[in-house]
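S.K.: Okay, handing you the structure first.
FYI, it's all coordinate maths here, none of it is from the lab. Everything numeric here is computed off the predicted structure, so don't read it as measured data. Here Cβ is always computed from backbone atoms with ideal geometry, including for glycine, and neighbour counts include all displayed protein chains.
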Amino acid sequence: MKPLEEYLVVDFSQFLSGPSASLRLADMGARVIKIERLGVGDICRTLYTSNVIMNGESSVFHAINRNKESFEVNLKDEQDCQMVRELLAKADVMIHNFRPGVMERLGFDYGSVQEINPEIIYAELSGYGAEVDGKGKPGQDLLLQSVTGLTWLSGNADSGPVAMGLSIVDMLAGSHLAQGILACLFRKITSKVGALVQVSMIESAYDFQFETITTFMNEGEILPERTAKNNANAYLGAPYGIYKTEGGYIALAMGSIPVLADLLGCDELKKYTDPAEAFDKRDEIKPILADHLLTGTTEKWLAILEPADIWCADVLNWKQLIDHEGFKALNMIQEVKMNDGYQYQTTRCPIRIDGELLTSAKGSPKLGQDNEQIIRQFINVKSSIHE
């Protein structure tokens, strides 16, 4: 039995941040019902991150909404709103990621929902929070990366700001929301009280940088300086970075420069004997190391460095990764099936409980596919869209 079985989550959220939180709850056994707009649904159904269309909808929707149900309603119609209220009366958790003020206009703000269900865990995710100047701005990942300093940590010194190649702020905020929900569900068991859980993407992005911001604040507010070449962390010295080799790439983490010089047979590096030089002279050291690593293959260097307990790794693309025996051993890919029989492969939950993987064969829902079942099980009125 999965730990959240018997829990009901009503999820109004769209795009990535909120649905990533409800996905994690679904992975742990919760029943997640997506509230989707009549005729349109979650906007992520048509938010294409590539030209990959899966069963008529975007690949990102299928990836982040597997193992959920779809309840298609018109929130401007009172009869449909009443159905949602009846569903919320029986729910353990409600999630939304609308901009501040939207749920108040719809009549599903915390106060209104709490009157329906005093013990509900009401979880809301916003871009900038409800009490700051940016509360009306779009909570979009790239914009949040840009205004929180994240773009000045990747790339080399002359690269300008560089965005991360993932919707990292969305995923972090969703993870934080799931954490808050789980904490309040635990409290609900013991005290029978509900809760308001609030997470903003901007605060999640700040928290993500707790190490670097702490360093900045306690180092006289000196801005981080990326290395001119092979930068991977603005606060770490050589050799930290990714280097091109003959036919590939190799990643090097922390390591002694004199030790590397001996192992790699790089005489030019032997003069850097002071440990402090690994940081102070990293822009001298890294180009020397980069040129030397080009003289051999990744396999050659790994065969030398790994037995010496140097922190290093091959740099794999996705095709190489999926073909790798280590990846296969983890069983990270699962196949799921939609109600219409369409099957697709996607990742599984990374959490194991009592040694068991948290998997489910249930794919993403077609818009409104679960209306009839939800109405029959939870609701005492008929929907206007089913008459």
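S.K.: When a/c is below 1.5 the answer is rounded, else prolate if a/b is larger than b/c, else oblate, so apply that to region 1-89 with a ≥ b ≥ c taken from the square roots of the Cα gyration tensor eigenvalues. Working shown, then result.
M.R.: Working: a/c = 2.56, a/b = 1.13, b/c = 2.27.
Oblate.
S.K.: Could you give the dipole magnitude of the chain about its Cα centre, charging the beta-carbon of Lys and Arg +1 and that of Asp and Glu -1, in debye to the nearest 20?
M.R.: Numbers: 36 positive and 53 negative charges, 180 e Å.
So the magnitude is around 860 debye.
S.K.: Which values of log₁₀ I(q)/I(0), to two decimal places, follow from the Debye formula for the chain at q = 0.10, 0.11, 0.12 Å⁻¹ with a uniform point scatterer at every Cα?
M.R.: -0.78, -0.90, -1.01
S.K.: Order these by the 10 Å Cβ neighbour count, fewest first: Ser70, Ser112, Ser364.
M.R.: Ser112, Ser70, Ser364
S.K.: Sort out the exposed loop trypsin sites (Lys or Arg not before Pro) in the chain (DSSP loop, at most 10 other Cβ within 10 Å) and tell me the longest stretch that has none.
M.R.: 193-387
S.K.: Let me ask something else. Counting only DSSP beta bridges with both residues in the chain, tell me the antiparallel percent, nearest 5.
M.R.: Approximately 45 percent, going by the DSSP bridge assignments.
S.K.: Continuing with this model, one more query. Where Lys and Arg each count +1 and Asp and Glu each count -1, what net charge lies around Phe378 among other residues with Cβ under 10 Å from its Cβ?
M.R.: +1
S.K.: Which shape class applies to region 243-387: rounded if a/c is under 1.5, otherwise prolate when a/b exceeds b/c and oblate if not, where a ≥ b ≥ c are the square roots of the Cα gyration tensor eigenvalues? Intermediate results must be reported in sequence, preceding the final value.
M.R.: Values: a/c = 3.76, a/b = 3.27, b/c = 1.15.
Prolate, because a/c is 1.5 or more and a/b exceeds b/c.
S.K.: What GluC sites (Glu not before Pro) does region 6-91 have in DSSP loop regions with at most 15 other beta carbons within 10 Å?
M.R.: Glu6
S.K.: Using DSSP to call loops (not H, G, I, E or B), can you name the GluC sites (Glu not before Pro) in region 244-314 whose Cβ has at most 16 other Cβ atoms within 10 angstrom?
M.R.: Counting only loop positions with at most 16 other Cβ atoms within 10 Å, the GluC sites (Glu not before Pro) in region 244-314 are Glu246.
S.K.: Quick one: compute a quarter of the convex hull surface over the Cα atoms of region 121-230 and quote it in nm².
M.R.: Spelled out: convex hull of the Cα atoms, projected over all directions, averaged, 8.7 nm².
S.K.: Of Trp301, Trp152, Trp311, how do they rank once you tally other Cβ atoms within 10 Å and put the fewest first?
M.R.: Lowest count first: Trp311, Trp152, Trp301.
S.K.: Still on this structure: Apply the Debye scattering formula to region 241-315, with a single equal point scatterer on each alpha-carbon and no solvent, then give log10 I(q)/I(0) at q = 0.19, 0.25, 0.28 Å⁻¹.
M.R.: Relative scattering, expressed as log10 I(q)/I(0), comes to -0.72, -1.28, -1.56.
S.K.: Enumerate the aspartates and glutamates that Lys229 could reach by cross-link, defined here as Cα to Cα under 19 Å, with residues fewer than 8 away along the same chain left out.
M.R.: Asp158, Glu246, Glu268, Glu277, Asp280, Asp283, Glu284, Asp291, Asp314
S.K.: Any chance you could count the Lys pairs in region 241-315 whose alpha carbons are under 16 Å apart, treating pairs 8 or more apart or on different chains as valid?
M.R.: Lysine pairs meeting the criterion: 6.
S.K.: Okay, moving on. Enumerate the lysines that Lys90 could reach by cross-link, defined here as Cα to Cα under 30 Å, with residues fewer than 8 away along the same chain left out.
M.R.: Lys2, Lys34, Lys68, Lys76, Lys188, Lys192, Lys337, Lys362, Lys366, Lys382
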